[in-house]
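The values are calculated or read from the model by the stated rules, or taken from the named source; none is laboratory data. Every value quoted in this text rests on a predicted model; they were computed, and no experiment measured them. Glycine gets a Cβ as well: all are built from the backbone with ideal geometry, and neighbour counts include every protein chain shown. In case anyone asks, the SASA skips ligands and DNA or RNA and just uses the protein heavy atoms, side chains included. Shrake-Rupley method; radii C 1.70, N 1.55, O 1.52, S 1.80 Å.
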Amino acid sequence: MSKVSSLKRLSRNHSIWIAANPLRQWRTSRDKKIPQAMVGNCIGRSTQAVRDYEAGSYRPDAEAILSLATLIGITEKTLRRKWNQWLTTKPNF
């Protein structure tokens with residue numbers, strides 16, 4: 001396999017992984033389409049913070065998890081479990 005095709009495959013796997021983020025799935029579900037900026041405003045964080053959470057660059061702290069769980073309508077424990085499960089499936093680069 002060429003280097004270019006390997007990079008494309010890794011990029012595609014990473015995109016699929018990001019799409020599986022619990023916050024992103026809720027935010028972009030068919031009946032919602034909520035902008036990252038609106039989520040940030042609702043939880044007292046910047047748009048960039050929400051973007052970083054969804055990309056797996058940063059993990060939400062306890063306060064953000066509680067705010068996100070409340071916004072999404074699930075328990076903090078459930079969101080933590082989903083987030084941790086998502087993180088364990090991160091593709092290797």
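Between residue 66 and residue 11, what is the FRET efficiency for a Förster distance of 35 Å, r being their Cβ-Cβ separation, to the nearest 0.05?
0.60
Mind telling me which of 22, 60, 35 comes out most flexible in a GNM of the chain, alpha-carbon contacts under 10 Å?
Largest GNM mean-square fluctuation: 35.
How do 24, 12, 30, 51 stack up against each other in accessible area, from largest to smallest, with a 1.4 angstrom probe?
Largest to smallest exposure gives the sequence 30, 12, 51, 24.
Can you compute the helix-only [θ] at 222 nm over the chain? Use -39500 (n - 2.57) per DSSP H run of at least 4 residues, normalise by all residues, nearest 500 deg cm²/dmol.
-20500 deg cm²/dmol
Take the Cα pairs of the chain, get the Kirkwood Rh, then feed it into Stokes-Einstein at 4 °C and 1.567 mPa s and tell me D in µm²/s.
Result for D is 93 µm²/s.
Net charge within 13 Å of residue 83 by Cβ-Cβ distance, Lys/Arg positive one each and Asp/Glu negative one each, not counting residue 83 itself?
So the surrounding residues net to +4.
Compute the label zone of residue 81 within segment 21-51: residues whose backbone N is under 19 Å from the point 7 Å along Cα-to-Cβ.
Zone members listed by number: 21-26.
Where Lys and Arg each count +1 and Asp and Glu each count -1, what net charge lies around residue 52 among other residues with Cβ under 11 Å from its Cβ?
+2
Cut-off under 19 Å on the C-alpha distance; same-chain residues fewer than 8 positions from residue 77 excluded. Which aspartates and glutamates are left, in chain and number order?
Candidates past the 8-residue exclusion: 54, 61, 63.
Anyone know which of 71, 79, 23 comes out most mobile in the 10 Å Cα GNM of the chain?
71
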